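Everything below concerns the one structure shown next.
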Amino acid sequence: MEMNGRQRWNIEGSEEMNKSSVTVRGSLNQISRYLNSEDDRPVIGFGHADPSGFPSFRTSSAIVEALVDAVRSWKFNSYPSTQGLLPARRALAEYFSKSLPYQLSSDEVFLTAGCLQAIEIIISVLTRPGANILIPRPAFPHYETRAIFGGLEVRNFNLIPQNNWEVDLQAVQALADNNTVAIVIINPNNPCGSVYTSQHLKEIAETARKLGIFVISDEVYAHMVFGKKPFVPMGEFGSIAPVLTLGSLSKKWSVPGWRLGWILTTDPNGILKKHGILESIENYKEIIPPPATCIQGAVPQILAKTSDEFVSSLLDSLKTNADILYEKINEIPCFTCPNKPEGSMLAMVKLNLEQLEGIRDDVEFCSKVAREESVVILPGVAVGLKNWLRFSFGMERCAIEDGVARLESFYQRHKLH
């Protein structure tokens, strides 16, 4: 269209997308721009929870062979059904039922292209005018980003560091109203590395039941625990309040690039079906791409061939690294890690700005550390906790030790005199 001799274009970028674009990748990309290209030292990536490139965390050959066999079978070259291949869903139902008081059916499993797509699906089907969702602070930021983008109001409740990052249930009850649709929990926790007890999970379920909402339980790090607490799936309490559990192959199997995730329905009372949530999920999956057929075809063998030795080795490496990070980081006065991580591969560390000179906040700290020491850390503001830092310890032990030594050097140069 031309106006006064000038071409007018009726196009404009999404303002909502620009407002809601906080992600781990985006935040790390911004910090990485400060890296000094003239520094010959290897970059220490404390920010990204992807250890798959390190030899100690490489997936097993049996898991790779399962995918190769699926590709070579010529059986998985076609479009899959929108819900996912039945053998894959059946295998996942059987695998996770071992940890539950009841048997999951294949119809209670939805396959997704990674856990991010699972988050997209659930948040999208919950969006309606006036609705709100309860999301922890700190948390994996994609929940809030996706909710804001979809027009779903976010209400944040705090995790309490003094109580091993447990949910502040009194705050949850105060935040909720008749328009609240669900509560998100992450266990084992990203970004805190905490593991919830069975009693605390039961209390969360009882609170959800009291409020008339269901629980979205992010269990991407399911069974990846190495402290004193065992992993307990939230689905164990599905008879108290309905639970949708999110998971993926990314962490325990160390193949985040394969993009295979799932949504498990643990709702023996049929509440989610009665209220149309499951139908909405099925309908939403009709308009989004499914995970690659060959990956789905490999799932039964991946689950069957995952050895106890592979998992034990993974957890032993994470425990060693968690111990080293917790001990060494607390020796530097500008850091406080209040709780030793017991699960996942992450830890939250408080930044004591009063110990530093000329640094205003966590973002400036991370920017300067990247430039001066080639160490990339995720600023806490990205996960909802300003002036904290999120560390990943999914890497080789020597990289952690090198990274912490560089942080000590940075502190010595910038400490308050």
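Per this entry, I281 is not counted among residues that are open to solvent by 50 Å² or more (accessible area, probe 1.4 Å), touching a residue at least 40 places away in the same chain (Cβ under 8 Å) and hydrophobic (A, V, I, L, M, F, W, C). Residue check: E144 meets all listed conditions (1) open to solvent by 60 Å² or more (accessible area, probe 1.4 Å); (2) on the phi > 0 side of the Ramachandran plot but one, namely (2). Set side by side, the residues K202, K229 differ, and just one is among the basic types (K, R), modelled with pLDDT of 95 or more and under 27 Å from G394 (Cβ atoms), which is K229. The set of residues from the range 360-383 being out of contact with any Phe, Trp or Tyr (no Cβ under 9 Å at 6 or more places or on another chain), in a helix (DSSP H, G or I) and open to solvent by 10 Å² or more (accessible area, probe 1.4 Å) comprises V363, E364. Can you spot a residue in the range 313-335 that is in contact with a strand residue (DSSP E or B) (Cβ under 9 Å, 6 or more places away or on another chain), open to solvent by 10 Å² or more (accessible area, probe 1.4 Å), within 24 Å of S248 (Cβ to Cβ) and at pLDDT 95 or above? Taking every residue of the range 313-335 in turn, at least one turns out to be in contact with a strand residue (DSSP E or B) (Cβ under 9 Å, 6 or more places away or on another chain), open to solvent by 10 Å² or more (accessible area, probe 1.4 Å), within 24 Å of S248 (Cβ to Cβ) and at pLDDT 95 or above. A single entry from K252, K285 fulfils the requirement of being modelled with pLDDT of 95 or more and farther than 19 Å from V220 by Cα: K285. For the range 17-29, taking the residues that are at pLDDT below 90 and within 13 Å of E144 (Cβ to Cβ), the one that is least open to solvent (accessible area, probe 1.4 Å) is identified as S20.
Looking at the range 324-359 only, could you name the residues that are closer than 21 Å to G26 by Cα and either in contact (Cβ under 8 Å) with a residue 60 or more places away in the chain or in a loop (DSSP other than H, G, I, E, B) (or both)? Within the range 324-359, M345, L346, A347, M348 meet the criteria. Restricting to the range 266-278, name every residue that is open to solvent by 30 Å² or more (accessible area, probe 1.4 Å), over 14 Å from D107 (Cα atoms) and not β-branched (V, I, T). Once the filter is applied, which keeps residues that are open to solvent by 30 Å² or more (accessible area, probe 1.4 Å), over 14 Å from D107 (Cα atoms) and not β-branched (V, I, T), the range 266-278 yields N269, K274, H275. Residues in the range 124-141 that are assigned to a strand (DSSP E or B) and open to solvent by 30 Å² or more (accessible area, probe 1.4 Å): R137 alone.
The values are calculated or read from the model by the stated rules, or taken from the named source; none is laboratory data. Predicted model only: the values in this text are computed from it and were never measured. Note that we place each Cβ from the backbone using ideal geometry, even for glycine, and neighbour counts take in every protein chain shown. Areas reflect the complete protein model, heavy atoms only, side chains present, ligands, DNA and RNA absent. Shrake-Rupley method; radii C 1.70, N 1.55, O 1.52, S 1.80 Å.
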